[in-house]
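Asker: Below: one structure in structure tokens.
Every read-out reported here was derived from the displayed coordinates using simple, explicitly stated rules and does not represent laboratory data. All values reported here derive from a predicted model rather than from experimental measurement. Methodologically, a virtual Cβ is constructed for each residue, glycine included, from the backbone with ideal geometry; neighbour enumeration extends over all protein chains shown.
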Amino acid sequence: MTTVRLATKIMFERYATIIKDKSDIGIQGVPETYYSHLRGMCALALENIDTYPIDKLSRWLGYIQAVLVQRKLVTVESERNFSRPLFHAAYAAEAIEIPKTQDAARISH
């Protein structure tokens, strides 16, 4: 059975794999956006996947996703396509209502 926690773990594992061999050389800006920092976040999250509050894990996951999108290692669409079925299965297994899909055109930029 897929749970929200398991789906979250799968996402952290996905991002840890994507950034596994990425170098911080040449990166400028905020140190918390360096690959080494993101790898540390993934490792810590995975070590504590059963004990950290799910909202904390979700914030960390969203932060990592945003940096990876900004660095063009993933796209919002690719991650939506990967994670939506995973989380929808978890929601169904845990009897959580699946959120309605938002029309991106209605969200102002």
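Asker: To the nearest 500 deg cm²/dmol, what mean residue ellipticity at 222 nm is calculated for the chain from DSSP H runs of n ≥ 4 alone, each contributing -39,500 (n - 2.57), summed and divided by the residues?
Answerer: -19500 deg cm²/dmol
Asker: Can I ask one more? Could you tell me what % of all Cα pairs in the chain have separations over 20 Å?
Answerer: Summing the P(r) of the chain above 20 Å gives 44 percent of all pairs.
Asker: By how many degrees, 0 to 90 and rounded to 10, does the Cα axis of helix 54-70 deviate from the longest principal axis of the chain?
Answerer: So the inclination is approximately 50 degrees.
Asker: Separate question: Just to verify a number: FRET efficiency for Val30 and Leu6, C-beta to C-beta distance, R0 = 30 Å, to 0.05?
Answerer: Once rounded, the FRET efficiency stands at 0.45.
Asker: Note down the nm distance, to one decimal, between modelled labels 7 Å out along Cα→Cβ at Val69 and at Ile54.
Answerer: Label at Val69, label at Ile54, 2.2 nm between them.
Asker: Please identify, among Ser78, Ser36, Ser58, the residue showing maximal mean-square fluctuation in a Gaussian network model of the chain using a 10 angstrom Cα cutoff.
Answerer: With Cα springs under 10 Å in the chain, the top fluctuation among Ser78, Ser36, Ser58 is at Ser78.
Asker: Against the longest principal axis of the chain, how steep is helix 76-93, in degrees 0 to 90 to the nearest 10, with axes from Cα atoms?
Answerer: 40 degrees
Asker: Ala43 to Lys100: extension gain in nm, 0.36 nm per residue of separation minus the Cα-Cα distance?
Answerer: 17.4 nm
Asker: If you don't mind, another one. Consider a paramagnetic label point 7 Å from the Cα of Ala92 along Cα→Cβ; state which residues of segment 1-35 have an amide N under 16 Å from it.
Answerer: In segment 1-35, the label zone of Ala92 (backbone N under 16 Å from the point 7 Å along Cα→Cβ) covers 1-4, 7.
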